[in-house]
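K.L.:
Here's a structure for you.
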Amino acid sequence: MSRKLLAAVEASSLKSEVPSFEIGDTVDVHTRILEGEKERVQIFNGVVIAKSGTGSREMFTVRRIVAGEGVERKFPLHSPKIGKIEVKRSGVSRRAKLYYLRDRSGKSTRLREKRDDVAAAAKATGKSKKAAATT
């Protein structure tokens, strides 16, 4: 009974349109910021290194390098302060959390880009992915 009640209360605070992004994707997070009486949008771009929680408590962590220093920020996915989330680049990840990127710097922090065009070409032509990639 209490779970159903909790789910009903939680459903009212969930966003209807949530963009789909994965761990390893490079995203732009548009955050609304109040400065006095004015409201502006600040963009935080970086790599999604973690996702956690479910429902209205779902969070994601974005990491970027600013002036040679790593900066991480956790965002609540269903927050009204989050304007929109744009996926700029899809990265290939074999892990659920990319905390190992904290120890790396320079080119070693880059992730391989997800190649959707090869899978689409293979499906359209009926060939294997390897054969579609070579043609």
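Per-residue answers, yes or no, for (1) of a type in the set (Ser, Thr, Tyr); (2) at pLDDT 90 or above:
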| position | (1), (2) |
| --- | --- |
| Gly55 | no, no |
| Phe75 | no, yes |
| Lys81 | no, yes |
| Ile85 | no, yes |
| Ser105 | yes, no |
| Ser108 | yes, no |
| Leu111 | no, no |
| Ala120 | no, no |
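K.L.:
Consider only pairs whose beta carbons are under 9 Å apart and that are at least six residues apart or on different chains; among these, list those whose first residue lies in the stretch 76-89 and is over 11 Å from Asn45 (Cα atoms) and exposed (fewer than 12 other Cβ atoms within 10 Å of the Cβ) and whose second residue is basic (Lys, Arg) and modelled with pLDDT under 90.
P.N.:
Pro80/Lys15
K.L.:
Can you tell which of Val9, Val71 is part of a strand (DSSP E or B), exposed (fewer than 14 other Cβ atoms within 10 Å of the Cβ) and not acidic (Asp, Glu)?
P.N.:
On the way: Val9 fails: part of a strand (DSSP E or B).
Going through Val9, Val71 in turn, the sole match is Val71.
The values are calculated or read from the model by the stated rules, or taken from the named source; none is laboratory data. Just so it is clear, the structure is predicted and the values come from calculations on it, not from any experiment. Counting neighbours? That spans all protein chains shown, and the Cβs are built from the backbone with ideal geometry, glycine included.
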